[in-house]
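Following: one structure in structure tokens, then a few remarks.
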Amino acid sequence: MKRLFYAVLPPVVAVLVALVATSAVIVVSGGSATSFISTILSVPDDRVLVNIINQSSMISISAFAAAIGFRMGLFNIGVEGQYIAGTTAAAFFGGSGIVSGPLNILATLVVAMLAGALYASIAGILKVTRGVSEVISAIMLNYIALTMAGYLVQRYGEKSGYTYITPRLPESSQPLGFSVVSGAPDVWALFVVAVAVGVGYWFLLSRTRFGFDLRTTGESPTAALASGIGVGRMVIISMALSGAVAGLVWMPAYFGSVHTFGTPENFQAGLGFTGLAVALLGRNRAIGIAVGSLLFAFLAGQSNELQRDGIAKQVVDITQGVVVLAVVVAYEVVRRRQARAEQEAVAARLDDRPTEGVVS
Amino acid sequence: MTTSSTDQDVASIDVVLSGILKRFPGVVANHDVDLHLRPGAVHALIGENGAGKSTLMKILYGVQAPDEGTITVDGSPVSFSSPTDAIGQGIGMVFQHFMLADNLTVLENIVLGAEKLHGIGDGARRRIREISARFGFGLEPDDLVERLGVADRQRVEILKVLYRGARLIILDEPTAVLVPQEVDALFANLRELVAGGCSVLFISHKLDEVLEIADDITVMRRGTTVGTADPATATRQGLAELMVGSELPSPETTESTVTDTPVLELRGVTVTNEAGRDVLSDATLTVHRGEVVGIAGVEGNGQSELVEVIMGMLRCSSGSIVLRDQDITRSSTRQVREAGVGFIPEDRHRHGLVLDYPLWENRILGHQTQAPVVRGPLLNQRGARKDAQRIVEEFDVRTPGIDTSARALSGGNQQKFIVGREMSGDPVLLVASHPTRGVDVGAQAAIWDHIRRARRDGLGVLLVSADLDELIGLSDRIEVVLRGRLTATFDPRDVTPMDLGTAMTGGEVA
């Protein structure tokens, strides 16, 4: 019970802090804080609600990709690049119709994962063999991915209006969505991919030997080494795994409504970075990430309504940013408090002699 | 500061601590502590690990403020909010782990942070030479610290606090890193310091040394000062009983259980580091069933590499390692562990535990491929929990439960858990690095008992330790490692710590 309280308190406080901070910015710039709060906290209409659910599926997949890296002690800032690489490969493959019918969905997902994994491996291999920080190489690889995707689509894609797109997904491979709210658009069929990734993430990390090795390497690389984990090998594998998941990020939208890929219209840039923030917010836990994704999607969904009140929708970016900052601070405060409480409990329980190790 | 030619060239200092109380959440680290540090005397503060010595030291040095009680310097009450305040009053501290920059010279290390005193040039150089000559340190200001040995580095640390005007020098277990000959040299330096008017607070748990050097002795137990003793009349036994409230355990093993069956054989193992230097040269060594082979050596002479190469954490450039009938020269750490090697690492926080994991998850660490903690590719939570519970009971790990994180336990209990874990699954060989370093006397005795019992059941043990008494008491044979070579073999029944110390330093007297 106490555990749950400690888990829930930081994000709640962070959201409140973020709303207050955003209101302050709005007031300072001459807007109305009350209309901001009332719009943000209003009940979304059916169309927006479906949109929020759809968006949350992509955000959560991206967050799980980031979380795999975080748990391993890697800062995979390259989720964005791997997401672009996966999307590009998948859109060309899916649109080509090499595999026909519903099977094309499965095959395309595999291609997306492979492309993401391969792209992420570059950073992983560079880190292990050449000691290049995965952050630096991944940032560079993000730019390369974006540029390459643009080039490939222009070179091998079709013209659509003023931009280029990949060949459209054959209709026989377009799954039906879930009609959750009547009268509103369907929830994307591949929402289930997000659920599967979440369940798989939880199972892998908490129930398997591989997950134990991965977490241990993240918690203490030295203890991992002494326990017989091949740390270099784990870096490459987990980087690839993170990339494979990142490759899936666009898939719910691709199969659900867009059916093609091309920058900038037929793509949603930046989801890879949103995922990093949500992984932090959700503390790399499956449930936390699920809730965090919904929260971020909710804020983004509601932001469109803000424009009616003459408030720029981008203020929501401030809210999202402050939520993450505040939650990181709050988690640390709670972590220290819990550690101290535990030590007190041990000391009280055992009535042991005072131990210096407890305090230093 | 004046430097007259009289004997007493440092103004003396008289420090009194009374009624010190320091609370931390859940524990009272110090209470009713009274300590009088006379001018010009070596005052030994003794007590087992966890008795509250470190906390008291931190209070005296200004790192932590006491909740109650007073500190007076030369009769006037003082309060320190930082080490800078303490050094301003003439109280300086030399830590057990040196805080020196290897790539700087002695001079640079000393003036760092104290540039205002005598500048950073010839003024400082002159002052350093002066102090060094006065107390017989024999340090050259322009030598690079990386070229200095452990004993010289310690002198640099002492010089550093003297340079800053310290009149009371706190030494935290200064002899822990030294061999016996170096200890004698240190004591000679301390006598010079005291003759010069300085006071020394000497923190230790080595009673023989304390009896040799101290003018006053204060004993701490369970956070408070339990008594004082006069070194002229005190006995080792009496002090020990004051310290632990009971008799000291001894590491001595009884009858030999050595067999002819080799468990581990190293043949000409050489390890070359990245710089191309041999850190372990041509090491040949056999451990038999039921035998404890002790490795003695000054830290940094290749014992860590010896352990790591056996454990598969380092690769040897030549030679072979055989475990029973299996060649493990090229095996990974995991394969070595699967072949039946238990490993008690030197640094339990870095290598032995994941501090934020609960105990039951720490039970899995190092045994990720072995029953009962895993089932195929999946973790066996029930098995891990059950076996963690068994270790807690059999090895007397004091913890509220197996869901407590390893971080919350005291050092001794963490170590007992590690020993228990590494003896699970019937290993054939135990590689133990400093198995009782930093643990309290009770836990130490328990760990020794477990090693002895396992040895009787046929376990081979490779024991690396800096505690010469532990080595002599537990080993069936002691090998000395010096500059990466195994240079001498001793029979622990007829070797003294002095002999070992000579061999460990290559026969030279430091």
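The values are calculated or read from the model by the stated rules, or taken from the named source; none is laboratory data. Since the model is a prediction, treat every value here as computed from it, not as a measurement. All Cβ positions, glycine included, derive from the backbone under ideal geometry; neighbour counts span all protein chains shown. Quick note on the areas: whole protein, heavy atoms, side chains included, nothing else; ligands and nucleic acids left out. Shrake-Rupley method; radii C 1.70, N 1.55, O 1.52, S 1.80 Å.
Condition check ((1) among the hydroxyl-bearing types (Ser, Thr, Tyr); (2) within 26 Å of B:Ile213 (Cα to Cα); (3) open to solvent by less than 70 Å² (accessible area, probe 1.4 Å)) across all residues:
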{"site": "B:Ile87", "(1), (2), (3)": "no, yes, yes"}
{"site": "B:Gly90", "(1), (2), (3)": "no, yes, yes"}
{"site": "B:Met99", "(1), (2), (3)": "no, yes, no"}
{"site": "B:Thr105", "(1), (2), (3)": "yes, no, yes"}
{"site": "B:Ser132", "(1), (2), (3)": "yes, yes, yes"}
{"site": "B:Val161", "(1), (2), (3)": "no, yes, yes"}
{"site": "B:Gly165", "(1), (2), (3)": "no, yes, yes"}
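Only one of the listed residues (B:Ser433, B:Ser475, B:Ser465) is more than 17 Å from B:Ser304 (Cβ to Cβ) and of a type in the set (S, T, N, Q). That residue is B:Ser475. When every residue of region A:333-343 is checked against the conditions, at least one turns out to be surrounded by fewer than 20 Cβ atoms within 10 Å (Cβ to Cβ), in contact with a strand residue (DSSP E or B) (Cβ under 8 Å, 6 or more places away or on another chain), among the hydrophobic types (A, V, I, L, M, F, W, C) and within 14 Å of chain B (Cβ to nearest Cβ).
Set side by side, the residues B:Ser76, B:Ser18, B:Ser81, B:Ser5 differ, and just one is open to solvent by 40 Å² or more (accessible area, probe 1.4 Å), more than 14 Å from chain A (Cβ to nearest Cβ) and modelled with pLDDT under 85, which is B:Ser5.
Identify, please: which residue in region B:472-510 is hydroxyl-bearing (Ser, Thr, Tyr) and assigned to a loop (DSSP other than H, G, I, E, B) and is, among those, most open to solvent (accessible area, probe 1.4 Å)?
Step one: of region B:472-510, the residues hydroxyl-bearing (Ser, Thr, Tyr) are B:475, B:487, B:489, B:496, B:502, B:505.
So of that shortlist, the ones also assigned to a loop (DSSP other than H, G, I, E, B) come out as B:475, B:496, B:505.
Working: B:Ser475: 7, B:Thr496: 63, B:Thr505: 24 Å².
Residue satisfying both the conditions and the ranking: B:Thr496.
Of the helices (runs of 4 or more DSSP H) lying entirely inside region A:158-228, those containing at least 1 residues that are away from every other protein chain (no Cβ under 14 Å) and modelled with pLDDT of 90 or more are A:191-207. Can you find a residue in region B:346-357 that is more than 29 Å from B:Ala406 (Cβ to Cβ) and of a type outside the set (S, T, N, Q)? Checked against the condition, which is being more than 29 Å from B:Ala406 (Cβ to Cβ) and of a type outside the set (S, T, N, Q), region B:346-357 yields no hits at all. Note on region B:349-365: among residues that are open to solvent by less than 40 Å² (accessible area, probe 1.4 Å) and within 22 Å of the chain's Cα centre (by Cα), the one that is nearest to the other protein chains (Cβ to nearest Cβ) is B:Val354.
Conditions tested, residue by residue: (1) over 19 Å from the mean Cα position of the chain (by Cα); (2) under 27 Å from A:Val132 (Cβ atoms); (3) open to solvent by less than 30 Å² (accessible area, probe 1.4 Å).
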{"residue": "A:Ala18", "(1), (2), (3)": "yes, no, yes"}
{"residue": "A:Val28", "(1), (2), (3)": "yes, no, no"}
{"residue": "A:Ala33", "(1), (2), (3)": "yes, no, yes"}
{"residue": "A:Ser56", "(1), (2), (3)": "no, no, yes"}
{"residue": "A:Ala67", "(1), (2), (3)": "no, yes, yes"}
{"residue": "A:Phe92", "(1), (2), (3)": "yes, no, no"}
{"residue": "A:Gly95", "(1), (2), (3)": "yes, no, yes"}
{"residue": "A:Leu106", "(1), (2), (3)": "yes, no, no"}
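Residues in region B:317-344 that are open to solvent by less than 40 Å² (accessible area, probe 1.4 Å) and farther than 20 Å from B:Ala283 by Cα: 5 in all.
Within region B:371-398, residues that are under 18 Å from B:Asn413 (Cα atoms) and free of Cβ contacts under 8 Å to residues at least 40 places away in the same chain sit with their Cβ atoms under 6 Å from residues that are surrounded by fewer than 16 Cβ atoms within 10 Å (Cβ to Cβ) and aliphatic (A, V, I, L, M), at 6+ positions apart or across chains, in these pairs: B:Arg398/A:Leu350.
Residues in region B:315-339 that are facing chain A (nearest Cβ under 9 Å) and either in contact with a helix residue (DSSP H, G or I) (Cβ under 9 Å, 6 or more places away or on another chain) or touching a residue at least 60 places away in the same chain (Cβ under 8 Å) (or both): B:Thr333, B:Val336. The selection criterion, being within 14 Å of another protein chain (Cβ to nearest Cβ), buried (at least 16 other Cβ atoms within 10 Å of the Cβ) and not hydroxyl-bearing (Ser, Thr, Tyr), holds for A:Ala347.
There is at least one residue in region B:412-422 that is crowded, with 24+ Cβ neighbours inside 10 Å, closer than 21 Å to A:Thr217 by Cα and facing another protein chain (nearest Cβ under 10 Å).
Mind telling me which of the residues B:Gly312, B:Gly342 ends up being within 14 Å of chain A (Cβ to nearest Cβ), of a type outside the set (S, T, N, Q) and touching an Asp or Glu at 6+ places or on another chain (Cβ under 6 Å)?
B:Gly342
Residues checked against (1) touching a Phe, Trp or Tyr at 6+ places or on another chain (Cβ under 9 Å); (2) in a loop (DSSP other than H, G, I, E, B); (3) open to solvent by 10 Å² or more (accessible area, probe 1.4 Å); (4) among the aromatic types (Phe, Trp, Tyr):
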site	(1), (2), (3), (4)
B:Asp426	no, yes, yes, no
B:Pro435	yes, yes, no, no
B:Ala443	no, no, no, no
B:Ala446	yes, no, yes, no
B:Asp449	no, no, yes, no
B:Ala454	no, no, yes, no
B:Ala466	no, yes, yes, no
B:Glu470	yes, no, no, no
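Answer yes or no as to whether B:Met93 is within 21 Å of B:Arg167 (Cα to Cα), modelled with pLDDT under 85 and away from chain A (no Cβ under 14 Å). So B:Met93 fails the test. Say whether the condition of being among the aromatic types (Phe, Trp, Tyr) and crowded, with 18+ Cβ neighbours inside 10 Å is met by at least one residue in region A:269-278. No: region A:269-278 contains no residue that is among the aromatic types (Phe, Trp, Tyr) and crowded, with 18+ Cβ neighbours inside 10 Å. Of the helices (runs of 4 or more DSSP H) lying entirely inside region A:16-119, the ones with 3 or more residues being modelled with pLDDT of 90 or more and of a type outside the set (Lys, Arg) are found at A:46-71, A:79-96. When A:Val43, A:Val48 are checked against the criterion of being open to solvent by 40 Å² or more (accessible area, probe 1.4 Å) and either under 26 Å from A:Ala286 (Cβ atoms) or not polar (S, T, N, Q) (or both), A:Val43 stands alone in meeting it.
Tell me, please, whether a residue that is under 30 Å from B:Thr333 (Cβ atoms), hydrophobic (A, V, I, L, M, F, W, C) and touching a residue at least 60 places away in the same chain (Cβ under 8 Å) can be found in region A:254-277. No, because not a single residue in region A:254-277 is under 30 Å from B:Thr333 (Cβ atoms), hydrophobic (A, V, I, L, M, F, W, C) and touching a residue at least 60 places away in the same chain (Cβ under 8 Å). Evaluate the following for A:Val153: is it buried (at least 23 other Cβ atoms within 10 Å of the Cβ), modelled with pLDDT of 95 or more and in contact with a helix residue (DSSP H, G or I) (Cβ under 9 Å, 6 or more places away or on another chain)? No. In region B:366-398, of all residues being at pLDDT below 90, more than 20 Å from A:Arg209 (Cα to Cα) and open to solvent by less than 20 Å² (accessible area, probe 1.4 Å), the one that is farthest from the other protein chains (Cβ to nearest Cβ) corresponds to B:Phe395. The residues listed here are A:Phe70, A:Phe92, A:Phe5, A:Phe75; of these, the one that is within 19 Å of A:Trp250 (Cβ to Cβ) and not charged (D, E, K, R) is A:Phe92.
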